[in-house]
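Novice: My structure is below; once you've seen it, I'll send some questions.
The values are calculated or read from the model by the stated rules, or taken from the named source; none is laboratory data. This is a predicted model, so every value here is computed, not measured. Positions of Cβ are backbone-derived with ideal geometry, glycine not excepted, and every protein chain shown enters the neighbour counts. Only protein heavy atoms, including side chains, enter the accessible area calculation; ligands, DNA and RNA are left aside. Shrake-Rupley method; radii C 1.70, N 1.55, O 1.52, S 1.80 Å.
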Amino acid sequence: GGVNIWRTPDQGNNWVLVSHWYGGLSKPMVHADIHDLVYSATGDTLYATHDGGIDYTRDGGASWKNITDGMSITQFYRIGTCEAKTDLIIAGAQDNGTSYSTNGKWLHGQAGDGMDCAIDPNNPSRLYASVYDGSFSRSTDGGKNFTTMVNSSITNQTGAWVSPIAIDPNNTNVVYCGFTDLWKSHLYGDPSSWKKISNFQTSNTLRSIAVSPSNSNYIYCANLSTIWRTTDGGTSWTMIQSNSDASITSLAVHATNPEILYVSKSGYSIGNKILKYDGTKWINLSGNLPNVPANWVVYQKNSPDRIYAATDVGVYFSDYGSNMWEKYNDGLPTMVVNELEINYTTKKIRAGTWGRGVWEVDLVDCNVAIPNIKITGNTTMCSGDSVILEAETNASSYLWSNGETTKSIVVKKEGQYSLMIDDGSGCKGKSGVVSVIVISVPNLSLSTDKEPGICEGDSITISANLGFASYKWSSGETTRKIVVKTPGAYTCTATTKDGCSKTTDVINVTLNPKAEKPTLKNVDDVLVSTPAAKYRWYFNGKLIDTVKTQSYKPSKSGKYYVEVAESGDCYTKSDEIDYIVNSIVEYSPEFVSVSPNPSNGLFNVQFNNNLSGNVEYVIYNATGAKVYTSEEYRAGDVYTKQFNLEEQASGIYMLVVKSHAKTFYVKLIKR
């Protein structure tokens, strides 16, 4: 099987043509594009499945019988209906041309791939059909014969795979067809009457056309991404949507207001299925529609703004501008629906499906009064606030667009909210939409430049984050940062430029106790502080980062002190102590000698080092405190000097002798 069917009588050495796709070459007709060939269990029947259904042969292919009749498997792109003859339907199908149904019987009208089609609503003898790429034809005898109407040869423009056609509902002799521009005929599509009425300057082909039922001067047309509108019959055009983020699939104009347009969109962009244009702005009516392509939208006249949407999983309807959608699939298989057409005479809506034929059902005929919604609070509010929506109408059941089923709801999230009620008979009424806008408020927090415990006489800086227009502290200050010197509980309330406020949690600032002044002692050349919880040691006024202990053995001579704290960072400083490295080392007698040593307090120190210039003498006790100091001028002689420590306590003392060139350290021991 290929386009046709071939048979070999000798295991493939020779092949014989046994069918032809349109009955040519004196062969029996079997539809093109063979998909499968299957023998019956007995082997006497061969079935062929193809784009047209199923045929079988029982004589080796000499004759074939089609058994597709009654199978609802046709893949329809578009359908058309007729008010003047309610049982007349025209439909264009993939691989199966254009057919029409009258009196319940389907007849084949035109071969090829059937695309968009239409019927003159006032004259059932006038039918319009097309094949791919914008090749349109018409019939004036009810579908028995079709002749060329318009194509690319006439327009010199390309048409889409499914090029659109539309009949002016107010003047049916006017017909529109879409190529890269919009073309108009005022003579029922006569080939000589076509005129281009747009200049869109694009290579993209039109896919949708809609003429206002209330004003023929309003015409809308669209390719997959852009919509244009004319309000003067095509003299001038305005682009009303460009670069759509999902493919535009159909257009429908409000029955009485030509400014209002409904648009369906394909693709899988969540919440981007059905849109409404009110003449100035776009309104999203996608509501609770499933995230599948929406292929068609149609408006029901004399209804509370009821619209139907054909999707990849069936049909839905919504009314009252509520953007709440209900399934309308009872009896309809779950499948792709490509187009919907309303016949007002029969009060039916018909669906052309992709693979399951044409279906129809009664129009929705419920016109329950619109339920009013009482609003308590502001619908424009700050995040964290709420507004109450309540039905003013008593009903047997309530269903809000967010899924809640109570008479009133508390709303905290931004969105469009509407209500559907049931009057008890199965008819439902839908409210208008209440738009709730929530103004986002940044997070508000406090930070400090240190732990929130302060020392007496100290301070802490508390800062609120950026993102607000004004700040108000519990202390009364209005800056973003405050300097706190007083213990207490502090909060900040910040307000945005939109007037939305937030208040922080409390920061408790406490007063930490201050440690008593420490005392330093030199114990065997180790500096020891009185006990405390924390220690910080300093050398010549600079912090020693690595030392946090109670004692410290210096490696350099100089001035040392310690700071101590009991809790927090409330430190108290000790007195400084002069520390001499290696202070217990006695120098050789060739430099200096002491007699007696130990003594009861009088020490005779002989200097043998020829000191000259100003010489300083300092004696330190074991804690590092000075107990004696003097200074004199020496001429470089050898001399003896007496030092009296009789008034001092017993212990070890350090005599430090400094001249311009030398420094000597001498240990003195008093009994």
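Novice: Restricted to the range 452-509, and to residues that are of a type in the set (Lys, Arg) and surrounded by 11 or more Cβ atoms within 10 Å (Cβ to Cβ), which residue is farthest from Met381 (Cα to Cα)?
Specialist: Residue satisfying both the conditions and the ranking: Lys485.
Novice: Quick one: how many residues across the range 647-661 are assigned to a loop (DSSP other than H, G, I, E, B) and touching a Leu at 6+ places or on another chain (Cβ under 7 Å)? So that I can check it myself, show each step before the final result.
Specialist: Here is the first cut: in the range 647-661, the ones assigned to a loop (DSSP other than H, G, I, E, B) are 647-650, 659-661.
Pick out the ones that are also touching a Leu at 6+ places or on another chain (Cβ under 7 Å) and you get 659.
Selection size over the range 647-661: 1.
Novice: Would you check if there is a residue in the range 54-65 being surrounded by fewer than 15 Cβ atoms within 10 Å (Cβ to Cβ), in contact (Cβ under 8 Å) with a residue 60 or more places away in the chain and assigned to a loop (DSSP other than H, G, I, E, B)?
Specialist: Looking through the range 54-65, none of the residues is surrounded by fewer than 15 Cβ atoms within 10 Å (Cβ to Cβ), in contact (Cβ under 8 Å) with a residue 60 or more places away in the chain and assigned to a loop (DSSP other than H, G, I, E, B).
Novice: Sort out which residues of the range 13-27 are open to solvent by less than 30 Å² (accessible area, probe 1.4 Å) and modelled with pLDDT of 95 or more, and write them in order of number.
Specialist: Leu17, Val18, Ser19, His20 - these are the residues of the range 13-27 that are open to solvent by less than 30 Å² (accessible area, probe 1.4 Å) and modelled with pLDDT of 95 or more.
Novice: Out of curiosity, is Gly403 over 30 Å from Thr504 (Cα atoms) and assigned to a strand (DSSP E or B)?
Specialist: no
Novice: Can you tell me how many residues in the range 515-551 are farther than 25 Å from Ile669 by Cβ and either in contact (Cβ under 8 Å) with a residue 12 or more places away in the chain or not in a strand (DSSP E or B) (or both)?
Specialist: 23
Novice: Something else: Residues in the range 419-433: is at least one of a type in the set (Ser, Thr, Tyr), open to solvent by less than 70 Å² (accessible area, probe 1.4 Å) and under 24 Å from Gly314 (Cβ atoms)?
Specialist: no
Novice: With the condition kept exactly as written, say whether any residue in the range 373-381 is without any contact (Cβ under 8 Å) to a residue 40 or more places away in the chain and not in a loop (DSSP other than H, G, I, E, B).
Specialist: Looking through the range 373-381, at least one residue is without any contact (Cβ under 8 Å) to a residue 40 or more places away in the chain and not in a loop (DSSP other than H, G, I, E, B).
Novice: Continuing with the same structure: Check Asp245, Asp278 and return the single one that is under 19 Å from Tyr308 (Cα atoms) and acidic (Asp, Glu). Can you show your working first?
Specialist: On the way: Asp245 fails: under 19 Å from Tyr308 (Cα atoms).
Within the list Asp245, Asp278, the selection yields Asp278.
Novice: Let me ask something else about it. For the range 22-48, which residues satisfy the criterion of being among the aromatic types (Phe, Trp, Tyr) and farther than 14 Å from Trp64 by Cβ? Step through it out loud before you land on a result.
Specialist: Narrowing the range 22-48 to residues among the aromatic types (Phe, Trp, Tyr): 22, 39, 47.
The one that is among the aromatic types (Phe, Trp, Tyr) and farther than 14 Å from Trp64 by Cβ: Tyr39.
Novice: Something else about it: Could you grab the pairs with beta carbons closer than 6 Å, sequence gap of 6+ or different chains, first residue in the range 190-216 and free of Cβ contacts under 8 Å to residues at least 24 places away in the same chain, second one buried (at least 18 other Cβ atoms within 10 Å of the Cβ)?
Specialist: Ser193/Ser185; Lys195/Lys184
Novice: Hey, can you tell me all the residues within the range 145-186 that are closer than 17 Å to Leu127 by Cα and free of Cβ contacts under 8 Å to residues at least 24 places away in the same chain?
Specialist: Asn145, Thr147, Asn151, Asn173, His186
Novice: Now, a different point. Please go through (1) assigned to a strand (DSSP E or B); (2) open to solvent by 20 Å² or more (accessible area, probe 1.4 Å) for Ser244 and return the number of the only condition it doesn't satisfy.
Specialist: (1)
Novice: Identify, by number, the condition in (1) touching a Lys or Arg at 6+ places or on another chain (Cβ under 6 Å); (2) under 17 Å from Val358 (Cα atoms); (3) open to solvent by 30 Å² or more (accessible area, probe 1.4 Å); (4) assigned to a strand (DSSP E or B) that Ser72 doesn't meet.
Specialist: The one condition Ser72 does not meet is (4).
Novice: Further, regarding this structure: Scan the range 635-642 and tell me whether some residue there is touching a residue at least 40 places away in the same chain (Cβ under 8 Å), in contact with a Ser or Thr (Cβ under 7 Å, 6 or more places away or on another chain), in a strand (DSSP E or B) and farther than 30 Å from Ser574 by Cβ.
Specialist: no
Novice: Looking at (1) in contact with a Phe, Trp or Tyr (Cβ under 9 Å, 6 or more places away or on another chain); (2) outside any strand (DSSP E or B); (3) farther than 15 Å from Val666 by Cβ, find the lone condition where Asn614 falls short.
Specialist: Checking Asn614 against (1) in contact with a Phe, Trp or Tyr (Cβ under 9 Å, 6 or more places away or on another chain); (2) outside any strand (DSSP E or B); (3) farther than 15 Å from Val666 by Cβ, the one that fails is (2).
Novice: List pairs: first in the range 1-23 and free of Cβ contacts under 8 Å to residues at least 40 places away in the same chain, second open to solvent by less than 100 Å² (accessible area, probe 1.4 Å) and hydroxyl-bearing (Ser, Thr, Tyr), Cβ under 6 Å, 6+ apart or cross-chain?
Specialist: Asn4/Ser19; Trp15/Thr8
Novice: Strands (runs of 3 or more DSSP E) wholly in the range 117-231 with at least 1 residues that are in contact with a Gly (Cβ under 8 Å, 6 or more places away or on another chain) and of a type outside the set (Ser, Thr, Tyr) - which ones?
Specialist: Those strands (runs of 3 or more DSSP E) span 127-131, 135-139, 147-150, 165-167, 175-178, 182-185, 208-211, 219-222.
Novice: A follow-up question, please. Pairs needed: first member in the range 590-607, among the hydroxyl-bearing types (Ser, Thr, Tyr); second member anywhere, buried (at least 16 other Cβ atoms within 10 Å of the Cβ); C-beta distance under 9 Å; at least 6 residues apart or different chains.
Specialist: Ser593/Val605; Ser593/Phe607; Ser595/Phe603; Ser595/Val605; Ser599/Leu645; Ser599/Leu668; Ser599/Lys670
Novice: Same structure again: Quick check, is Asp133 in contact with a helix residue (DSSP H, G or I) (Cβ under 9 Å, 6 or more places away or on another chain), open to solvent by 20 Å² or more (accessible area, probe 1.4 Å) and on the phi > 0 side of the Ramachandran plot? Talk me through it step by step, then tell me what you get.
Specialist: Numbers: in contact with a helix residue (DSSP H, G or I) (Cβ under 9 Å, 6 or more places away or on another chain): yes; open to solvent by 20 Å² or more (accessible area, probe 1.4 Å): yes; on the phi > 0 side of the Ramachandran plot: yes.
Taking the combined requirement at face value, the residue satisfies it.
Novice: Report, by residue number, each residue of the range 76-117 that is open to solvent by 40 Å² or more (accessible area, probe 1.4 Å), touching a strand residue (DSSP E or B) at 6+ places or on another chain (Cβ under 9 Å) and farther than 19 Å from Ser135 by Cβ.
Specialist: Within the range 76-117, Glu83, Ala84, Lys85, Thr86, Asp87, Trp106, Leu107 qualify.
Novice: Pairs only if they're at least six apart or on different chains, beta carbon under 8 angstrom, first in the range 474-503 and at positive phi, second part of a loop (DSSP other than H, G, I, E, B); list them, first residue then second.
Specialist: Gly488/Ser475
Novice: Considering only the range 521-543, state which residues are under 25 Å from Gly457 (Cβ atoms) and either of a type in the set (A, V, I, L, M) or touching a Pro at 6+ places or on another chain (Cβ under 7 Å) (or both).
Specialist: Correct list: Ser529, Thr530, Ala532, Ala533, Leu543.
Novice: Based on what the data block shows, is Ile409 exposed (fewer than 13 other Cβ atoms within 10 Å of the Cβ) and among the β-branched types (Val, Ile, Thr)?
Specialist: no
Novice: Out of Ser593, Ser588, report the one residue that is open to solvent by 20 Å² or more (accessible area, probe 1.4 Å), assigned to a loop (DSSP other than H, G, I, E, B), farther than 30 Å from Pro518 by Cα and at pLDDT below 90.
Specialist: Sole residue among the options that is open to solvent by 20 Å² or more (accessible area, probe 1.4 Å), assigned to a loop (DSSP other than H, G, I, E, B), farther than 30 Å from Pro518 by Cα and at pLDDT below 90: Ser588.
Novice: Out of all the residues in the range 31-89, which are of a type outside the set (A, V, I, L, M, F, W, C), closer than 29 Å to Ser250 by Cβ and touching an Asp or Glu at 6+ places or on another chain (Cβ under 8 Å)?
Specialist: Asp33, Asp51, Gly52, Gln75, Tyr77, Arg78, Gly80, Thr81
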